[in-house]
Amino acid sequence: MAEDLVLDTAIRDWVLIPLSVVMVLIGVLRYFVSKLMHSSQTPDAKIVKEGQVIVRARNLRAGANFIPSKAFRTRKIYFCNEENGLLFVPKGQGQNPQAQMFSDPNMAMDMMKKNLSMIIPQTLTFAWVNFFFSGFVAAKIPFPLTQRFRSMLQNGIDLSTVDVSYVSSRSWYFLNLFGLRGLFSLILGEENAVDDTQRMMQMGGFGFDPSKGLSAEKDNLDITQHDWALLNFEHRAEAVLRKVIS
Amino acid sequence: MVTKTEETQLNRLENQVDNGGGGAWEYLCLVRKLKVRRSEKVLKHGLSILNDPKQRSSLGSDEWTLYEQVAVAAMDCQCLDVAKDCTKVLRKRFPESKRVGRLEAMLLEAKGSWELAEKAYASLLEDSPLDQAIHKRRVAMAKAQGNISVAIDWLNKYLETFMADHDAWRELAEIYVSLQMYKQAAFCYEELILSQPTVPLYHLAYADVLYTLGGLENLQTAKKYYASTIDLTGGKNTRALFGICLCTSAITQLTKGKSKEEKEGSQLQSLAAKVLEKDYKQRAPDKLPQLTTALKSLTLSS
């Protein structure tokens, strides 16, 4: 059953390579457009303060063993106190960031821009691929697949006897979609290699971060025990000094 | 904190530039990156680059950063006309920039017109209330005018929002020490130790403050922090060694009647004394007899 179909080299020249080139160009274009449309956000004072509080609480957890226990306990109470501790967020306020984010016109505009800049090129490219490059076998995947993938990868090919390893150009499009991140990091520099997959993930998660971060830090800090590391430091200092003398 | 490699690189570049070799631009970039304060050299070499039109055009868009750097250096050296020229050029190029606004307010400050500078900073803060540099400039201005309590107020308010800024904590600690408010200074040093536990400088300063506060518990804690400084610096910090000797003698004075763990304490003290003597023999042999008499008096009184 494993007859090898010989695919025309013209397919490689006129389908695979142009499709990849087009996707790379669209990615580069999107990067420049997003740079142009980037509006500087004035950070909210409350969010900045919360960020800094989180950093300070994290420092407290990390360095807790280096300060005397009385100092640690004072700070722990300051942070975790039920009524007016810094990390305590009453339940009602937790919902606010998201609502605020939707009502604040600047942020809503930014979200919309980010989403649009991703959705439109994807849709257009997908439609273009479907229109021009359907109905023939485009490539052969080097490993065998089960029959379940047939509907996904072979949608233009209406022969049911063709091996599932032979795929249509739509699957090449998806392969490029998820795989061009390495190329973008080479071209655009390390930080700008945001590929479509990452953008899709960014679309999902938004600004719950402040309130969740605070309560997470509070829980962590509540658990932290204080184990003063400096008790043994006198011995260590003796050892160091002995080495210096000898 | 500037690391040792960076420091040697900086000194090497400085020597090279001073003696007529090229590399002025790399030197200025390194100074800017490390944020060291070498205003005279920056002024001299920066001006030489800026006054030469060929070199200036070869900088491209970095020219404006250089203007800003030279303006600040000129203000530090009190060459106010140079600073004014640079600021004017920058203002022409960036008419609506807040960064240039900050430079102009700094120029007013350098001239000594405090109220005008205060007004300028207040208006800049209205536009961007989260600009850290402007807050810090306001504190610096209060300190320069001698209004230390106002400076403390501003700094505390700044730290309420930006509490992860360890430079600000350090400044506050030093101000408190200068005012002899040692408990508050101890709090600030604790913050610093929390954020950067491997910097021996903060351990040493904290130990100093604790020793100055006095009291048996503080002295014992101070001794531990001197020990940690010795550990972090490999025994090379003379001040920590002296601190150990002084702490041990003070503790034994306070606990004269009670016999506590004297064995371990005296080992550390005798070791520290030996290291000190060795150090002095190497570096300042003529002061060695003074050192030995001082150490003997410490151990005698304990």
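Which one is surrounded by the fewest Cβ atoms within 10 Å (Cβ to Cβ) among residues in the range A:231-246 that are of a type in the set (Gly, Ala, Ser) and over 47 Å from the mean Cα position of the chain (by Cα)? Here the residue is A:246.
More than 8 Å from chain B (Cβ to nearest Cβ), loosely packed, with under 15 Cβ neighbours inside 10 Å and at pLDDT 80 or above: is that true of residue A:70 in this structure? It is true that residue A:70 is more than 8 Å from chain B (Cβ to nearest Cβ), loosely packed, with under 15 Cβ neighbours inside 10 Å and at pLDDT 80 or above. Considering the range B:225-245, and only residues there that are buried (at least 23 other Cβ atoms within 10 Å of the Cβ) and closer than 23 Å to residue B:176 by Cα, the residue that is farthest from the other protein chains (Cβ to nearest Cβ) turns out to be B:243.
Filtered by the rule that a residue be of a type in the set (A, V, I, L, M) and within 30 Å of the chain's Cα centre (by Cα), the range B:269-289 gives B:272, B:273, B:275, B:276, B:284.
Residues satisfying the criterion are absent from the range B:105-117 (criterion: within 14 Å of chain A (Cβ to nearest Cβ), closer than 14 Å to residue B:69 by Cα, in a helix (DSSP H, G or I) and under 25 Å from the mean Cα position of the chain (by Cα)). Within the range B:78-120, the only residue that satisfies the criterion of being surrounded by fewer than 16 Cβ atoms within 10 Å (Cβ to Cβ), farther than 25 Å from residue B:150 by Cβ and in contact with a Ser or Thr (Cβ under 9 Å, 6 or more places away or on another chain) is B:91.
Quick check on residue B:73: is it surrounded by 15 or more Cβ atoms within 10 Å (Cβ to Cβ), in contact with a Leu (Cβ under 6 Å, 6 or more places away or on another chain), within 25 Å of residue B:36 (Cβ to Cβ) and touching a residue at least 12 places away in the same chain (Cβ under 8 Å)? If you could, list the steps in order and put the result at the bottom.
Values: surrounded by 15 or more Cβ atoms within 10 Å (Cβ to Cβ): yes; in contact with a Leu (Cβ under 6 Å, 6 or more places away or on another chain): yes; within 25 Å of residue B:36 (Cβ to Cβ): yes; touching a residue at least 12 places away in the same chain (Cβ under 8 Å): yes.
Judged against the criteria, residue B:73 is a match.
For the range A:53-65, filtering for residues that are among the hydrophobic types (A, V, I, L, M, F, W, C) and either part of a loop (DSSP other than H, G, I, E, B) or in contact with a Leu (Cβ under 7 Å, 6 or more places away or on another chain) (or both) leaves 4.
In the condition set (1) over 16 Å from residue A:20 (Cα atoms); (2) out of contact with any helix residue (DSSP H, G or I) (no Cβ under 6 Å at 6 or more places or on another chain), residue A:153 is compliant with all but (2).
Out of the residues in the range B:153-168 that are part of a helix (DSSP H, G or I) and over 17 Å from the mean Cα position of the chain (by Cα), state the one that is surrounded by the fewest Cβ atoms within 10 Å (Cβ to Cβ). Break it down stepwise before answering.
Applying the first criterion (part of a helix (DSSP H, G or I)) to the range B:153-168 yields B:153-161, B:166-168.
Add one more test, that the residue is over 17 Å from the mean Cα position of the chain (by Cα), and what stays is B:153-154, B:156-161.
On the way: B:153: 13, B:154: 19, B:156: 13, B:157: 13, B:158: 19, B:159: 20, B:160: 10, B:161: 17.
The residue in question is B:160.
Could you tell me whether residue B:41 is loosely packed, with under 14 Cβ neighbours inside 10 Å and either over 15 Å from residue B:110 (Cα atoms) or in contact with a strand residue (DSSP E or B) (Cβ under 9 Å, 6 or more places away or on another chain) (or both)? No. For the range A:166-183, the tally of residues that are modelled with pLDDT under 75 and either on the phi > 0 side of the Ramachandran plot or out of contact with any Ser or Thr (no Cβ under 9 Å at 6 or more places or on another chain) (or both) stands at 1.
If you filter the range B:169-218 down to residues that are within 14 Å of chain A (Cβ to nearest Cβ), within 27 Å of residue B:249 (Cα to Cα) and outside any helix (DSSP H, G or I), you find that the one that is farthest from the chain's Cα centre (by Cα) is B:215. Sub-9 Å Cβ pairs linking a first residue in the range B:143-167 that is farther than 17 Å from residue B:195 by Cα and within 14 Å of chain A (Cβ to nearest Cβ) to a second residue that is among the polar types (S, T, N, Q) and assigned to a helix (DSSP H, G or I), at least 6 apart or interchain, are B:158/B:132, ordered by first then second residue.
Of everything in the range A:223-234, what is part of a helix (DSSP H, G or I), more than 7 Å from chain B (Cβ to nearest Cβ) and at pLDDT below 80? Give them in sequence order.
First, pick out the residues of the range A:223-234 that are part of a helix (DSSP H, G or I): A:223, A:229-234.
Filter once more, keeping what is more than 7 Å from chain B (Cβ to nearest Cβ): A:223, A:229, A:231-232.
Residues satisfying the conditions are A:229, A:231, A:232.
The requirement of being under 27 Å from residue A:180 (Cβ atoms), modelled with pLDDT of 80 or more and in a helix (DSSP H, G or I) is satisfied by residue A:21.
The values are calculated or read from the model by the stated rules, or taken from the named source; none is laboratory data. Computed from a predicted model, the values in this text were never measured in an experiment. We place every Cβ from the backbone using ideal geometry, glycine too, and count neighbours over all the protein chains shown.
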